[in-house]
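**Student:** Starting off with a structure, shown below.
The values are calculated or read from the model by the stated rules, or taken from the named source; none is laboratory data. Bear in mind the structure is a predicted one, so any value in this text is a computation, not a measurement. Cβ sites come from the backbone with ideal geometry, for glycine too, and all protein chains shown count toward neighbours. Surface areas here come from the heavy atoms of the whole protein model, side chains and all, with no ligands, DNA or RNA. Shrake-Rupley method; radii C 1.70, N 1.55, O 1.52, S 1.80 Å.
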Amino acid sequence: SSSSLEVPHCKTLVCICFADAAFQAMVGSCARRATDVLSTERFVVTPDRAVESSSAPALKLTCSEGMFMRTPLSMASYPALAFRLAESNPELLQASLAAALSRHRWLAGRLRELTIELTDEGVPFTVEKSAQQSAPATVQELELLRFADFRRPGRVLRGLEPLATVKLTQFQDGSAILAVSRSHGVMDGSSAWAFLGDWARAARGEEMVAARTEGLEELVPDEAELKSLWVERFGEPFGRTEKLKAMLARSVMPMVTPVLDIAFLSGLSGDLERPHLFFSDAEIAAIKAAATPTAAGSWVTTQEAMSAYILHTVGHVLLPDASAGRVATTFFLDARKALGRGPQEMWGSGLIFLTVKFEGLLQMSLWEVAACLHDASREQLSQKEIRTMWRLTAGCMQAGCDVAMFRKTMPMSSDYDICLQLNNQSKRELPDFGQAASGGQAQSVMTNAGPTLMLPAAGGVDLYLDLGTLRAARGPSERTAALDALKRSVPK
């Protein structure tokens, strides 16, 4: 049925098995390239039976959650969050992780089709000691290949790999990089931060607050309601060819994904090479002040101000004077509030992609761009719109029409002069593991859950810019000029 996994034919299985072997060889090759490793210890952390454990039965995932497990690593299907710690104690971190897994026992289980079986097989925890003196102040994106323990999503889907992994890299001065990787199908970005919050609470001896959400399937429309919602939202009948397109995509994906995963792990895909810019709190405040309209009572969000600044600055460097300045800005948004769910509820597909479009970029001032985004967001990014679009997306996944919603929500870059896709995580709280021996307050974070990322950092925000935003550049020199302008043009 459309709500279950497709069973690949024998040729596809041969390709998958061959790719699995190549993938495991590549993992070993990547690990051997880290020549400064003094020792490696591998553990498996299981739920602590001394802490009250969840008694929930096996958990059934929705098809929208399962979708994330059928995509390549380059699409953040098994992303990592890597934190710098001033100090670390593996035993304390493992003990508190075991306590957190007792509340979130499903994370220690294994997947069978779209059901998490509570097998308590645990979360792999690798401890690596480095010969280098100190952990880097910030982890560069490409370094995630060394610091994180990625697992191939297709193998996770078949129950052959864990739902999450942890890797702790310790340095000579006691500092460390703590990298937590997980299947996006069971934990989206908000869920991952919620789990990390509970892990940190467990380390501090405090009560945990996050919980796996229940009743999510009640929000997913059946096919009849899906067709009605589609007509109401888009003013056109639900296309009959959408299922065929999705079937073709699903048949090709198992053969293509392993190859893409190998390219990702070898650092050849370019998906871990986004330019990094740091903006201090003072610079963010100056950009927001300059982007705020002068009319009394006017205001814009930090997300709108930074988006406007990126578009305005890059556009004036890269676009010719005669350009129509057509812009598409896609925001990655959390749908929990719109769905009546709490911020600590955990599942794998609580995000939605919504796009604001306009033209005439070069004729606008910075504050006019910000005001355009702000005014459009009132309707196009409203809670009602977020709820409707999430339900449409989940319904399309359930009906086996994955392609339909992506065609509607992700703009074709060829139709626009500049496309910005922003995943704003800058308001997240870095986890605090309590006493310094447990790791203390994390000092910085890196993740590969793009495209363009805004991440919290000490004293400001780290911006990782997706190269697609700079595609109008006519060569490396123009790309460099645009990046230089982003730092040089901050309002005084």
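**Student:** Could you please find all residues in the stretch 451-492 being under 29 Å from LEU430 (Cβ atoms), of a type in the set (Gly, Ala, Ser) and assigned to a loop (DSSP other than H, G, I, E, B)?
**Tutor:** Selection gives ALA458, GLY459, SER489.
**Student:** Also: With the requirement that a residue be under 26 Å from ARG471 (Cβ atoms) and aliphatic (A, V, I, L, M), what does the stretch 382-412 give you?
**Tutor:** If the condition is that a residue be under 26 Å from ARG471 (Cβ atoms) and aliphatic (A, V, I, L, M), then MET389, VAL403, ALA404, MET405, MET410, MET412 are the ones that fit.
**Student:** Consider only pairs whose beta carbons are under 6 Å apart and that are at least six residues apart or on different chains; among these, list those whose first residue lies in the stretch 65-89 and is more than 30 Å from GLY439 (Cβ to Cβ) and whose second residue is among the aliphatic types (A, V, I, L, M).
**Tutor:** The qualifying pairs are GLY66/LEU114; MET67/MET397; ARG70/MET253; PRO72/LEU260.
**Student:** Name the one entry in ALA322, ALA376, ALA308, ALA394 that is touching a residue at least 60 places away in the same chain (Cβ under 8 Å) and either farther than 30 Å from LEU107 by Cα or among the hydroxyl-bearing types (Ser, Thr, Tyr) (or both).
**Tutor:** Working: ALA322 fails: touching a residue at least 60 places away in the same chain (Cβ under 8 Å); ALA376 fails: touching a residue at least 60 places away in the same chain (Cβ under 8 Å); ALA394 fails: either farther than 30 Å from LEU107 by Cα or among the hydroxyl-bearing types (Ser, Thr, Tyr) (or both).
Among ALA322, ALA376, ALA308, ALA394, only ALA308 is touching a residue at least 60 places away in the same chain (Cβ under 8 Å) and either farther than 30 Å from LEU107 by Cα or among the hydroxyl-bearing types (Ser, Thr, Tyr) (or both).
**Student:** What about SER438, is it open to solvent by 30 Å² or more (accessible area, probe 1.4 Å) and either among the small types (Gly, Ala, Ser) or in contact (Cβ under 8 Å) with a residue 40 or more places away in the chain (or both)?
**Tutor:** Values: open to solvent by 30 Å² or more (accessible area, probe 1.4 Å): no; either among the small types (Gly, Ala, Ser) or in contact (Cβ under 8 Å) with a residue 40 or more places away in the chain (or both): yes.
So SER438 fails the test.
**Student:** Quick one: which residue in GLU304, GLU359 is buried (at least 23 other Cβ atoms within 10 Å of the Cβ) and either charged (D, E, K, R) or touching a Pro at 6+ places or on another chain (Cβ under 7 Å) (or both)?
**Tutor:** Numbers: GLU359 fails: buried (at least 23 other Cβ atoms within 10 Å of the Cβ).
That would be GLU304, the only listed residue that is buried (at least 23 other Cβ atoms within 10 Å of the Cβ) and either charged (D, E, K, R) or touching a Pro at 6+ places or on another chain (Cβ under 7 Å) (or both).
**Student:** If you don't mind, there's one more thing I want to ask. Could you check how many residues of the stretch 275-301 are closer than 21 Å to ALA482 by Cβ, touching a Pro at 6+ places or on another chain (Cβ under 9 Å) and modelled with pLDDT under 95?
**Tutor:** Here the count works out to 0.
**Student:** Take the residues in the stretch 369-390 that are crowded, with 16+ Cβ neighbours inside 10 Å and of a type outside the set (A, V, I, L, M, F, W, C), then tell me which one is nearest to the chain's Cα centre (by Cα).
**Tutor:** Filtering the stretch 369-390 for residues crowded, with 16+ Cβ neighbours inside 10 Å gives 369-374, 376-377, 380-381, 385-390.
This time we only want the ones that are of a type outside the set (A, V, I, L, M, F, W, C), so: 374, 377, 380, 385, 387-388.
On the way: HIS374: 24, SER377: 22, GLN380: 22, GLU385: 21, ARG387: 20, THR388: 22 Å.
Selected residue: ARG387.
**Student:** Suppose we filter SER29, SER4, SER54 for residues that are touching an Asp or Glu at 6+ places or on another chain (Cβ under 8 Å), outside any strand (DSSP E or B), small (Gly, Ala, Ser) and modelled with pLDDT under 60; which single one remains? Can you show your working first?
**Tutor:** On the way: SER29 fails: touching an Asp or Glu at 6+ places or on another chain (Cβ under 8 Å); SER54 fails: touching an Asp or Glu at 6+ places or on another chain (Cβ under 8 Å).
On inspection, the qualifying residue turns out to be SER4.
**Student:** Can you tell me which residue within the stretch 195-215, out of those that are among the hydrophobic types (A, V, I, L, M, F, W, C) and not in a loop (DSSP other than H, G, I, E, B), is most open to solvent (accessible area, probe 1.4 Å)?
**Tutor:** Kept after step one, since they are among the hydrophobic types (A, V, I, L, M, F, W, C), are these residues of the stretch 195-215: 195-196, 199-200, 202-203, 208-211.
From what is left, the residues that are not in a loop (DSSP other than H, G, I, E, B) are 195-196, 199-200, 202-203, 211.
Numbers: PHE195: 7, LEU196: 3, TRP199: 0, ALA200: 2, ALA202: 24, ALA203: 25, ALA211: 43 Å².
Here the answer is ALA211.
Here's the yes/no breakdown for (1) open to solvent by 10 Å² or more (accessible area, probe 1.4 Å); (2) among the aliphatic types (A, V, I, L, M):
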{"residue": "LEU59", "(1), (2)": "yes, yes"}
{"residue": "MET75", "(1), (2)": "yes, yes"}
{"residue": "ALA82", "(1), (2)": "no, yes"}
{"residue": "GLY122", "(1), (2)": "no, no"}
{"residue": "THR126", "(1), (2)": "yes, no"}
{"residue": "GLU141", "(1), (2)": "no, no"}
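**Student:** With the requirement that a residue be touching a helix residue (DSSP H, G or I) at 6+ places or on another chain (Cβ under 8 Å), open to solvent by less than 30 Å² (accessible area, probe 1.4 Å) and within 24 Å of ASP198 (Cα to Cα), what does the stretch 334-356 give you?
**Tutor:** ALA335, ARG336, ALA338, LEU339, MET346, TRP347, GLY348, SER349, GLY350
**Student:** Also: Within the stretch 452-473, can you find the residues that are without any contact (Cβ under 8 Å) to a residue 40 or more places away in the chain and surrounded by fewer than 21 Cβ atoms within 10 Å (Cβ to Cβ)?
**Tutor:** Here is the first cut: in the stretch 452-473, the ones without any contact (Cβ under 8 Å) to a residue 40 or more places away in the chain are 455-456, 458.
If the condition is that a residue be without any contact (Cβ under 8 Å) to a residue 40 or more places away in the chain and surrounded by fewer than 21 Cβ atoms within 10 Å (Cβ to Cβ), then PRO456, ALA458 are the ones that fit.
**Student:** Name the strands (runs of 3 or more DSSP E) wholly inside the stretch 78-194 in which the number of residues that are under 16 Å from MET446 (Cβ atoms) and in contact with a Phe, Trp or Tyr (Cβ under 7 Å, 6 or more places away or on another chain) is 1 or more.
**Tutor:** Values: elements: 80-85, 110-112, 115-117, 123-130, 164-170, 176-182.
Strands (runs of 3 or more DSSP E) meeting the threshold: 80-85, 164-170, 176-182.
**Student:** Here's another thing I want to ask about it. Yes or no: the stretch 220-234 includes at least one residue that is at pLDDT below 95, in a loop (DSSP other than H, G, I, E, B) and open to solvent by 30 Å² or more (accessible area, probe 1.4 Å). Don't jump to the end; show me each part of the working.
**Tutor:** Going through the stretch 220-234, the residues at pLDDT below 95 turn out to be 220-234.
Of the ones still in play, those that are also in a loop (DSSP other than H, G, I, E, B) are 220-222.
Still in the running and open to solvent by 30 Å² or more (accessible area, probe 1.4 Å): 222.
Yes: the stretch 220-234 contains one or more residues that are at pLDDT below 95, in a loop (DSSP other than H, G, I, E, B) and open to solvent by 30 Å² or more (accessible area, probe 1.4 Å).
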